[in-house]
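What follows is a single structure, written as structure tokens, with notes after it.
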Amino acid sequence: MEGVNTEPSANPGRPKVAANGLSSKSTRPDFPGTGAVATQTELQERIKMSLGLIDNIASIYAQNNLNQTQNSLQNTLTQLSSGMRINSGADDAAGLAVANGLGANVAALNQSGDNVSSGISLLQTADGALSQVTNLLNRAVTLATEAANGTLNSSQVSSANQEYQNILTEVGDIGSTTNFNGNQVFSATAKTVFVSDGTSSGADSYSETVGTLSATNIGISAPAGTTTAITNPTPTASTTTAGATATFALGSATDTVSGNLSVAIAGGTAITATLAAGTTLASAVTQLNAQASFSGAGLVASQGTGANANQLIITGPADTTTSGTNALTLTGTALSDTTPPGTTTGAGVNFSSTGSTNVSQLTAATASTVLTSVTTAIQDVAYQRGIIGANINQLTAESNVASAESVNLTSAQSNVLATNYGAAASDLAKYQVLSQTGISALAQANQVQQEVLKLMQ
């Protein structure tokens, strides 16, 4: 046919070659595994990318990835060797701040525990010394009891007094020479035990005062209220509509009343009642109204209300005919007003010659007084030891709280800082493999450009 080349090709299986030396259509798959055949433009782009000499992009990628892998591997090895997940601020800035704050709390609590232990030791030293004082006072009781016996002659009583003087001297020496860490234990100056978790809101101070100990002051007396006599009031006049009233005013509604109450109606036989120490106004009213002779005579006891709640009011019977007949008479009444005990302790027993009772010497004449004073001193020392014991228990409780808090905060800090060895071991294996493959990939990438030299042969 015209225009058609019917001549067989010299090599039928060979494609025609264009003028530029490239086949216009390649039948060889250029993308293995896909069967696709690259066009001329695609082959040119591939030649540009694979045989370029200016930049080895594949090598750069391999280098970057290898550097990242090495950094991660180094960080993992640091975690495994140090045992800590956070070894610098770059690892976890927020976590580091939390961990450091917890560490400060733990340090403060641990030192607080030591502070409390020192305070407890000081108090235990005082308690041990007072235990010996009690033993000495018990011996003084024996001596006083012995000296009071009339079968002893003057020489024997003098010997008892000599030992009694030695006891008083030894008590004074215990008070002046008992020290803890260079500080005098028996002192009126308070010792402060400071406890803190490192924050201003978590700080607390305990003021521990042991008290002085000498021959002029043995023990501490319990707080006591002040007792004063109540001035008997002038009863109001009775009328046909209301009985006479006698109003006893105490300092406060919380005060207690005690003593003897004697009330006579119209000059008759007095009705008496005794109020024990510590009787409240409400109890006094109940006691008087329950007394048959009191209520039977027409007397009524009541407590004031509101601003007058501090008053004990005794009301007599109203007059039947003439006003003023049933007048109240308080002859023989002697009541006292006692304030509630405060928190301030009192002084101990004074065994010097300047005391309220001279018990500095043990004689047959003073033996009974000495015995009473020594017994009181034993009670005061026991009260002082009770205060010390309560303070020890308080500090022990505080020490337990600080210890528990320290353990919990240490655990929290460990959770933030400690290496998770399971995860770290897994990361180590991963980065070791990536490091090896990265080095191999970098070596392969660096060899790619060596293929250009084959074109020069």
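The values are calculated or read from the model by the stated rules, or taken from the named source; none is laboratory data. Every value quoted in this text rests on a predicted model; they were computed, and no experiment measured them. Neighbour counts are summed over all protein chains in view; Cβ atoms, including those assigned to glycine, are modelled from backbone coordinates with ideal geometry.
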On the given criteria, is Leu312 at pLDDT 95 or above and surrounded by 13 or more Cβ atoms within 10 Å (Cβ to Cβ)?
-> yes
Taking the stretch 84-105, which residues are surrounded by fewer than 20 Cβ atoms within 10 Å (Cβ to Cβ), in contact with a helix residue (DSSP H, G or I) (Cβ under 8 Å, 6 or more places away or on another chain) and either basic (Lys, Arg) or modelled with pLDDT of 85 or more (or both)?
-> Gly95, Val98, Gly103
Can you pull out the residues in the stretch 263-291 that are surrounded by 15 or more Cβ atoms within 10 Å (Cβ to Cβ), assigned to a helix (DSSP H, G or I) and more than 42 Å from the chain's Cα centre (by Cα)?
-> Ala284, Val285, Gln287, Leu288
Among all residue pairs at least 6 apart or on different chains, which show Cβ distances below 9 Å where the first residue, located in the stretch 56-83, is at positive phi and the second is part of a helix (DSSP H, G or I)?
-> Gly83/Leu417; Gly83/Tyr421
Consider Ser187 carefully, then state whether it is in a loop (DSSP other than H, G, I, E, B), of a type in the set (Ser, Thr, Tyr) and within 20 Å of Ile387 (Cβ to Cβ).
-> yes
Which condition breaks for Gly175 when tested against (1) exposed (fewer than 12 other Cβ atoms within 10 Å of the Cβ); (2) assigned to a helix (DSSP H, G or I); (3) of a type outside the set (Asp, Glu)?
-> (1)
The stretch 220-236, residues that are touching a Leu at 6+ places or on another chain (Cβ under 8 Å) and surrounded by 14 or more Cβ atoms within 10 Å (Cβ to Cβ) | Ile230, Asn232, Pro233, Pro235
Test: Ser205 is within 30 Å of Ala129 (Cα to Cα) and not in a loop (DSSP other than H, G, I, E, B) = yes
For Gly389: the one exception among (1) touching a helix residue (DSSP H, G or I) at 6+ places or on another chain (Cβ under 9 Å); (2) part of a helix (DSSP H, G or I); (3) surrounded by 14 or more Cβ atoms within 10 Å (Cβ to Cβ) | (3)
When restricted to Thr320, Thr239, Thr231, Thr254, the only residue in contact with an Asp or Glu (Cβ under 8 Å, 6 or more places away or on another chain), at pLDDT below 95, on the phi < 0 side of the Ramachandran plot and not charged (D, E, K, R) is Thr239
Restricting attention to the stretch 192-202, which residues are surrounded by fewer than 18 Cβ atoms within 10 Å (Cβ to Cβ) and touching a strand residue (DSSP E or B) at 6+ places or on another chain (Cβ under 7 Å)?
-> Thr192, Phe194
Test: Ser414 is over 53 Å from the mean Cα position of the chain (by Cα), modelled with pLDDT of 85 or more and closer than 25 Å to Ala90 by Cα = no
Subset tally (residues that are at pLDDT below 90 and surrounded by 14 or more Cβ atoms within 10 Å (Cβ to Cβ)) for the stretch 149-172 | 1
